[in-house]
Amino acid sequence: PCETAPGILVVDDHDLVRLGLRTLLMSQATSVGAALEVHEARSLQSAIEAYRQHAARIGLVLLDLNLPDSRGLTGLQTFLAECPGARVVVLSGSTDPGLTRRAVELGAAAFLAKSADLQSVLDYLHREGFFGAAAGSSATSGGGTPAGTESDDTEVWTAGGQRVRLTRR
């Protein structure tokens, strides 16, 4: 029997990105014996509607910043205002440290660059419990995905673009 993990809402206006992420996420979940529900939206408004409809089953929203009905951080702000209980991770083509810092200041749980190493994105989702593992809160701030470690340490990107190791303490 598969363990059910919290679902993920993928919000991106590009069909290929949504389909690719859905396929990758579901494949990864299946490989570890977990069941993962992946929802999709192609606009900010459809994302808000999908989240409201499935909020009890969505544990994470991967939100692109450039959608047909919003640009930049206004989409993040609007989504969080309309869905205040949502846990949102920004998914962006930008690697601008200032944008990263501002997104986290506005309430994003993390900032994942579309150009990031694929394994670091999967590591982040594993640590956060989206493939059936016990959900744990990693200290993610700044502009990138934390790198996986075997200890209690977590690596994060600072707003200045440096990778630093944070201990649980």
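The values are calculated or read from the model by the stated rules, or taken from the named source; none is laboratory data. Keep in mind that what you see is a predicted model, and the values were worked out from it rather than measured. Cβ atoms come from the backbone with ideal geometry, glycine included; neighbour counts cover every protein chain shown. Quick note on the areas: whole protein, heavy atoms, side chains included, nothing else; ligands and nucleic acids left out. Shrake-Rupley method; radii C 1.70, N 1.55, O 1.52, S 1.80 Å.
List of remarks:
- Apportionment of accessible area to carbon and sulfur, segment 1-95, percent (1.4 Å): 54
- Here segment 5-24 is scanned for amide nitrogen atoms under 13 Å from the site 7 Å beyond the Cα of H54 along Cα-to-Cβ, giving 5-12, 19, 22-23.
- Around the amide H of K114, modelled in the peptide plane, lie the amide H atoms of S92, G93, S94, all under 5 Å away and 5 or more residues distant in sequence or on another chain.
- Counting only Cβ charges, +1 for Lys and Arg and -1 for Asp and Glu, the dipole size of segment 36-90 around its Cα centre is about 100 debye.
- Efficiency of FRET from Cβ geometry, D96 and D15, R₀ 30 Å, rounded to 0.05: 0.70
- Tensor-based shape of segment 77-135 (alpha-carbon gyration tensor, a/c under 1.5 rounded, otherwise prolate or oblate): oblate
- Residues in segment 49-112 average 44 Å² of solvent-accessible surface per residue, probe 1.4 Å, ligands and nucleic acids excluded.
- Each Cα pair under 8 Å and six or more residues apart adds its separation to the average, and for segment 63-136 the resulting relative contact order is 24 percent.
- Calculated log₁₀ intensity ratio I(q)/I(0) where the Debye formula runs over C-alpha points of segment 45-115, q = 0.24 Å⁻¹: -1.08
- FRET efficiency for N66 and L24, using Cβ-Cβ distance with R0 set to 25 Å, rounded to 0.05: 0.75
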